Each structure stands twice: as structure tokens, then as C-alpha cells.
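Below is one structure, written out as C-alpha cells; comments come after it.
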Amino acid sequence: MKKKVQKMLDWFYQDSDRGEQNIAECKTIYDLVERLQYRLEDMESEHMQLTREIARLQGRIDTLESQLPNED
């Protein structure tokens with residue numbers, strides 16, 4: 001079973017820039033899952049910040065467009 005997990009980890013990280021580091025530092029699959037969960041939480045936070053910034057910029061665009069004279 002351990003060889004199968006190791007092969008899966010090798011495959012999962014083979015094209016990753018931090019793959020070798022993650023495989024070397026994570027002693028068990030649980031360590032890897034925990035690390036991935038933390039990274040996922042970070043990515044969700046970044047996504048919310050980007051979504052909020054996009055909404056702010058869209059609001060500014062809408063305001064500027066409403067101030068333009070009609071070209072009818």
C-alpha cells in the first residue's frame with residue numbers, strides 16, 4: 001500500500017515546482033492532506049479578495065459610464 005501511495009504522490013507532483021519538497025517534508029498522507037487543506041483555505045481567501053476587488057472596480061466603471069453623456 002505504501003508503494004502505491006508513493007507512486008500516486010510522485011505522479012501528483014511530478015510537474016509541480018514544489019513537488020519534491022512536499023514529498024520530502026510530508027511523512028504521511030495525512031500531513032500532505034493537511035498541507036493541501038491549508039493551501040486550499042489560502043486560495044479561497046485570495047479568491048474572495050479578488051472577487052471583492054472586481055466588484056469594486058465594476059462599480060467604478062458603472063459610475064463612470066452613468067456619467068457619460070448619452071450618444072443617442
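The values are calculated or read from the model by the stated rules, or taken from the named source; none is laboratory data. It should be emphasised that the depicted structure is a prediction, and the values quoted were computed from it without experimental measurement. Methodologically, a virtual Cβ is constructed for each residue, glycine included, from the backbone with ideal geometry; neighbour enumeration extends over all protein chains shown.
Of all residues in region 37-72, those satisfying the criterion of being farther than 30 Å from Cys26 by Cβ and of a type in the set (A, V, I, L, M) are Ile54, Ala55, Leu57, Ile61, Leu64, Leu68.
Consider region 14-72 and keep the residues that are farther than 30 Å from Lys4 by Cβ and either touching a strand residue (DSSP E or B) at 6+ places or on another chain (Cβ under 7 Å) or among the hydrophobic types (A, V, I, L, M, F, W, C) (or both). The one that is modelled with the lowest pLDDT is Leu68.
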